[in-house]
Structures are given as structure tokens and as C-alpha cells.
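Presented below is the structure to which this report refers.
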Amino acid sequence: MERTDILVIGGGLAGLRAAIAAHDAGRTVAVMSKVYPIRSHSGAAQGGVNASLGNHPDGGDDTWQGHAFDTIKGSDYLADQPRAEILAKDAPAAVIEMEHWGAYFSRFDDGRIAQRPFGGAGFPRTCFAADRTGHHLLHTCWEQTLKRGIKVYSEWLLLELVKHGDAVVGAVALHIPTGDIESFPTGAVILGAGGHGRIFAKTTNAYINTGSATAAAYRAGARLEDMEFVQFHPTTLYGTNILISEGVRGEGGLLRGADGERFMDRYAPSVMELAPRDIVARGIQTEANEGRAFEGDGSGYVHLDIRHLGADVITTRLPGIRQIAMEFAGVDPIDEPIPVQPGQHYSMGGIACDEDGVTDLPGLYAAGECSCVSVHGANRLGGNSLLETLVFGKRAGDRAAANAGGSGGSGGGAGDVPSFVYDKAVQTQHDLIDAFASRDSGVRQIDIRRRMQQTMTAKVGVFRDEAPLADAVSELAGLREEYASVSLDATNRCFNYDLIDTLELGGMIELAEATALGALKRTECRGSHWRIDHPGRDDDNWLKHTMATRADDGTPELSFDDVIITDYEPMERKY
Ligand SMILES: Cc1cc2nc3c(=O)[nH]c(=O)nc-3n(C[C@H](O)[C@H](O)[C@H](O)COP(=O)(O)OP(=O)(O)OC[C@H]3O[C@@H](n4cnc5c(N)ncnc54)[C@H](O)[C@@H]3O)c2cc1C
């Protein structure tokens, strides 16, 4: 493929925002995405994007400093504080930029962008477009991408990053419609490849959120940070685990147990349903574990009640939620409560990088959910992730553009890389696929995938304990060994999803192992990570980031880095 200065992997919000920035800085840019970009998971985001605009009549005094503090407190003090400050400070400009690019927003009567309250925030700070915010933002960034004529490789699956020495100088990818494998020489790669929620059985994430590009970065030598911090969203639709946005509680939705009682006063009496997600998820799970929820499939569910909001609010502010509840649970929330339970939702951990997306590897940058800039720490606040994609996608694009000047230098530089480096990388992938295709072991990827997902949901979930975590670590190591003998059911070239799922599964198991091992080692409770055998947060020993490096055999090796604390001393997190 033709060489570009910058290759962006990911057509979601982070990838497109990075591509736009790099293009506007004068670089040649291409975007690669395993699905047509507007099918990326960003388009599923419902509730909103945070910025301290102070438009709400009750939010007049809101400041970026207040937003930064809420983010850091919400993170249970694991966020790197200067980076959380950048997130909050750049937020108003990022949202206004989207408005000026033509994004739809819900508005107050005076025409200003409307803001709703979200969990863990001191002010109504979440800007939204009904309950389809991600859809509108993604389409806006897509329009800007098209307007600039940025080259897009759609339905190409990144298989491996190409390195020359230490530097990342390109990618090898599979064209899903034809089965062709090609190399993409470039001066720098920016990963905006999204989350990896599909390592869990119960998740709000799209089927495409496998983390295969994150796993490729890990194989190339990038470190993964804080993988044990997994956000479980309190309200996912019982049965399918489709997200029921926090915006529902922001609009006034109430949680009730099997006897109709509002139970959140037991867990967060001052803010009730609008406590941060980790606290509400544990509240619901505790109600289920102690027999006060509906029984359902064994894991239990509660009711999310919005009947009192009335048909007008429901149909104008929450039309998508109503549609999901009706189509997937047979419940019209105007007349009946919505059955909900916690489910995996967001990956706080990811590829370690700084505020400009710079990773451990020269020529490799990361932004959005696949990255760990460390603004969310141990628990992300709702509305901060869409914001992260815009703020840090732009910064990564700017930095990669500045560094990728010509060949060589800290931006990598495919200009002087011999062609055999790329040829060899392509051949390695052909050999790998041939090995899967020529085997006849009868071991199927789907069996291994399901066992991995069930292990993660059952043993690395909302509540964690030493023995199940240790079991999970050894089960995952066993699955990694079984994976080595997987054979393919289908060997066709076009749209061979048996092959694609097989290729992605190896990386998923490795991300799951890093998550489970981090959870086993971290003997404290912090944010989303709740160890029933180690009550309480332990700042003396655990105010640090978990860093995972991949050993040659694929196992994670952990080390620990300091948290950057500047303005806010860790305090007890009370709501
Ligand atoms: C249902 C749901 C609702 C949400 N609601 C909100 C909300 O209201 N507010 C909020 O702040 N956050 C919300 N989030 C979180 C937020 O939407 C995501 O964290 C964010 O959109 C991720 O954006 P991204 O650009 O990093 O990744 P994505 O949008 O997931 O895009 C990833 C891209 O990478 C590509 N890709 C991945 N792997 C490969 C590969 N191997 N080869 C080629 N391409 C690859 C994909 O094709 C895709 O284009 C929600 C998440 C979910 C799941």
C-alpha cells in the first residue's frame, strides 16, 4: 500500500479526531477500520459528553477545575492529575468545536446546549443529543474526514504492527471482504482502536470490541496500564446487557428492588441513583446477592423506573432507550419499569501513553478507549469518555504530525525501511493463517472464547476474591495453551469470520490474563476494583499504576508506576 506520514487504526471518534488533526497539520493520513467507520462503537454512545459550559440554570458556577476535581475524586485518586486537568480544561473548546462543525445537541429554550446531571459530578455538566450523542458526534467527525478527502481503508483488520529496530514503521492488515493481506508503510501509527469489553460474557460493548489492535501493540512491546480496572455499568438491560444510559437516571430515573423499595440510600445516601457507576453497580449486585432483587437467570436484576417522568420527557429525551426497552425486553418504559443488571461497560486500562498519546514505542501513539492516558484512574465518570476521544485524539494527531516529519527521528519513519521488512511481516501472517487452516484438531475458537468470557464475568467481575481470581488466572493460561491448537471450520477467503474470530481470540486471551492477574495482585478496593477479602483502599501500598509487559511466552509480567499527584491529596471518597 502507498506510504502515508500517519496511519490511524480506528474509525471511531478518537481515530477520526486524530486523523483530522494530523491532516490539518499538513500530513498525509490514512484511516484503517475493521468496520465502516460510522459503525464503530462510538456511535452507540447514548448519554452525553462532559464540559463545564455552565449552561444549566443550576450549573452557572461550574468551572473546569470543578470538572477536574470530580474526575480525580471519581477515579478514586488513581488518575494522573495533570492529565485529568487537561481533559477538563480542553472540554468546553472540544464540545464547541463539534457544535461549530454541525453536531446536533439538545438545547435549552434560550438556544444554548442543554446539560444533564451525570453520576459523580457536582453540576449538571453533561451535554447531549437526546440519548444518541455518540451517533451525532461520530457522524460529524466522519463528515469532516470526508470533507478533507482523508484516505479510508474500510473493513481492513490490523493483524500486526511492523517494527524496524524499536520503531513502529507500519502495519499488516487483512482485507475482510477478500482475504488479502497487505502491508501499510507509515511514519507513525496512531491507535484509536476502542475498548475490549468482549473479553467478558455480559457487556454493553459491540461485538467488534475485541481489543485486537491493543493486543497487537502489546505484542509489539507496548505496556498495558491498569488493566484490572474494568467499569461495570449498573444499568444494562436484563437479558441482552444492552446499555441503558446513565442519562436515564440523570433525567430522574429511580432504582427499585423486588419489593419496590428505592435501595440506593444504603450505598450513597446523599446522591442516591447519581453516585458514580462503581458504587451503583455494587449496590445493585448486593441487593441481588442478598435476595432483595428479582431472581431472573441467577445473577438477578432490579427495576429502573421512569414512569413518573411522563411520556413527553421519555419520548423527547430518551427515545432510543424507550425503543431498546420495547424491542429487546418487551417493556414500554412509559408504562412499566425497565429490568436492569450490571454488566461490563468500559476498559479504564489500555495502552500506556502520555497526554500526547506517546507510548513506549517510537512511532506508536494511542488515544481513546484503547489507551490509558490515565484520566479515569480506577473509575471513569459517565460522559468523560466521549470527551477523552475528542481531547486526546486531537492531541495525539497533533503530536504524531509534529514528530512524523520526513523519515527517521522519533516519529519512526518508513522512508528508509527496506522493503523486505514489510514482506517478511506479511509472510509471517500468511504462515500463521496456513497453520490454523491446515490443522484438523477439532478445537474450535468459539468454545475457547465462551469459556474465557464466562470465566471473566464469573471470577473477575463486580466483586472479586483471591481464590476465584487465582482460578481465573490459571484457567486463562490453560485457554492460551488450548488456543495454540485451534483449527478452522471454514477456510474460504471472503468474509471468513471463523478466521477473523480465531485471529482476534489469541489477543483477547492475553488482555484477559493481564486483567485477571492485575486484579489478583491488587490487594485493596479502589474504584471499580472491589476485593471482598481486602476491604478498604490502601494508599500506602497501592496508590500506583499496574503496568503489564508481555513476556515472550505471552504471559503478563507486572511492575508498578507512581501516580502523578499534583493538586489534590487523596481523600476518602464519600457520596
Ligand atoms: C453502549 C455504550 C454507550 C456509551 N455511552 C457513552 C456516553 O454516553 N458518554 C461517554 O462519554 N462514553 C460513552 N461510552 C463510551 C464511549 O462511547 C467509548 O469509550 C468511546 O466512544 C470509544 O471511542 P474510540 O474512538 O476510542 O473507539 P471506538 O468508537 O470503539 O472505535 C474503535 C475503532 O477501531 C477499529 N478497530 C479496532 N480494532 C481494529 C483492528 N484490529 N483493525 C482495524 N480496526 C480496528 C474499529 O473498527 C473502530 O473503528 C459508551 C460506550 C458504550 C459501549
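The values are calculated or read from the model by the stated rules, or taken from the named source; none is laboratory data. As the structure is a computational prediction, the values presented were derived from the model and not from experiment. In this analysis, Cβ positions are derived from the backbone assuming ideal geometry, glycine residues included, and neighbour counts consider all displayed protein chains. Areas reflect the complete protein model, heavy atoms only, side chains present, ligands, DNA and RNA absent. Shrake-Rupley method; radii C 1.70, N 1.55, O 1.52, S 1.80 Å.
List of remarks:
- Complete set of residues in the stretch 343-379 that are outside any loop (DSSP other than H, G, I, E, B) and of a type in the set (S, T, N, Q): Gln344, Ser347, Ser371
- Taken as a whole, the stretch 471-484 holds no residue that is at positive phi and either open to solvent by 30 Å² or more (accessible area, probe 1.4 Å) or of a type outside the set (Val, Ile, Thr) (or both).
- Selection count, the stretch 132-148, where residues are open to solvent by 10 Å² or more (accessible area, probe 1.4 Å) and touching a helix residue (DSSP H, G or I) at 6+ places or on another chain (Cβ under 7 Å): 6
- Index of the failed condition, Leu274 passing every other in (1) over 21 Å from Phe463 (Cα atoms); (2) within 16 Å of the ligand (Cβ to nearest atom): (1)
- Listed conditions (1) within 16 Å of the ligand (Cβ to nearest atom); (2) under 20 Å from the mean Cα position of the chain (by Cα); (3) crowded, with 21+ Cβ neighbours inside 10 Å; (4) not small (Gly, Ala, Ser) are all met by Val35, apart from (3).
- Selection count where residues are over 16 Å from Lys574 (Cβ atoms) and touching a residue at least 40 places away in the same chain (Cβ under 8 Å), scope the stretch 531-543: 4
- Yes/no for Thr28 being surrounded by fewer than 24 Cβ atoms within 10 Å (Cβ to Cβ) and either within 28 Å of Gly527 (Cα to Cα) or in contact with an Asp or Glu (Cβ under 6 Å, 6 or more places away or on another chain) (or both): yes
- Restricting attention to the stretch 116-131, the residues that are away from the ligand (no atom under 13 Å from the Cβ) and open to solvent by less than 20 Å² (accessible area, probe 1.4 Å) add up to 1.
- Residue check: Glu287 meets all listed conditions (1) in contact (Cβ under 8 Å) with a residue 40 or more places away in the chain; (2) outside any strand (DSSP E or B) but one, namely (1).
- Applying the condition of being near the ligand (Cβ under 6 Å from one of its atoms) and over 20 Å from Ile351 (Cβ atoms) to the stretch 38-68 and asking which residue is surrounded by the fewest Cβ atoms within 10 Å (Cβ to Cβ) yields Ala44.
- Any chance Phe263 is of a type in the set (Phe, Trp, Tyr) and open to solvent by less than 40 Å² (accessible area, probe 1.4 Å): yes
- Note on the stretch 437-470: among residues that are assigned to a helix (DSSP H, G or I) and closer than 15 Å to Ala490 by Cβ, the one that is least open to solvent (accessible area, probe 1.4 Å) is Gln445.
- One residue from Ala258, Ala201, Ala213, Ala206 being outside any strand (DSSP E or B), in contact with an Asp or Glu (Cβ under 9 Å, 6 or more places away or on another chain) and of a type outside the set (Val, Ile, Thr): Ala258
Conditions (1) at pLDDT below 95; (2) within 13 Å of the ligand (Cβ to nearest atom); (3) open to solvent by 10 Å² or more (accessible area, probe 1.4 Å), marked per residue:
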position: Pro177; (1), (2), (3): no, no, yes
position: Gly195; (1), (2), (3): no, yes, no
position: Thr203; (1), (2), (3): no, yes, no
position: Gly211; (1), (2), (3): no, yes, no
position: Glu228; (1), (2), (3): no, no, no
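- Every residue from the stretch 561-570 that is surrounded by 10 or more Cβ atoms within 10 Å (Cβ to Cβ) and part of a loop (DSSP other than H, G, I, E, B): Val563, Ile564, Ile565, Thr566, Asp567, Tyr568, Pro570
- Any hit, the stretch 80-103, residues being within 15 Å of the ligand (Cβ to nearest atom), open to solvent by 50 Å² or more (accessible area, probe 1.4 Å) and outside any loop (DSSP other than H, G, I, E, B): yes
- Of all residues in the stretch 130-149 being touching a residue at least 40 places away in the same chain (Cβ under 8 Å) and closer than 25 Å to Pro57 by Cα, the one that is farthest from the chain's Cα centre (by Cα): Ala130
- Within the set Val302, Val340, Val313, Val331, the sole residue that is β-branched (Val, Ile, Thr), assigned to a strand (DSSP E or B) and away from the ligand (no atom under 16 Å from the Cβ) turns out to be Val302.
- Condition met for Asp398 (modelled with pLDDT of 95 or more, away from the ligand (no atom under 13 Å from the Cβ) and within 19 Å of Ala19 (Cβ to Cβ)): yes
- Residue among Arg219, Arg249 that is open to solvent by 10 Å² or more (accessible area, probe 1.4 Å) and in a helix (DSSP H, G or I): Arg219
- Among the residues making up the stretch 99-114, those that are under 28 Å from Gly252 (Cβ atoms) and out of contact with any Ser or Thr (no Cβ under 6 Å at 6 or more places or on another chain) are Glu99, Tyr104, Phe105, Ser106, Arg107, Phe108, Asp109, Asp110, Gly111, Arg112, Ile113.
- Residues within the stretch 416-434 that are open to solvent by 40 Å² or more (accessible area, probe 1.4 Å) and within 13 Å of Leu499 (Cβ to Cβ), tallied: 3
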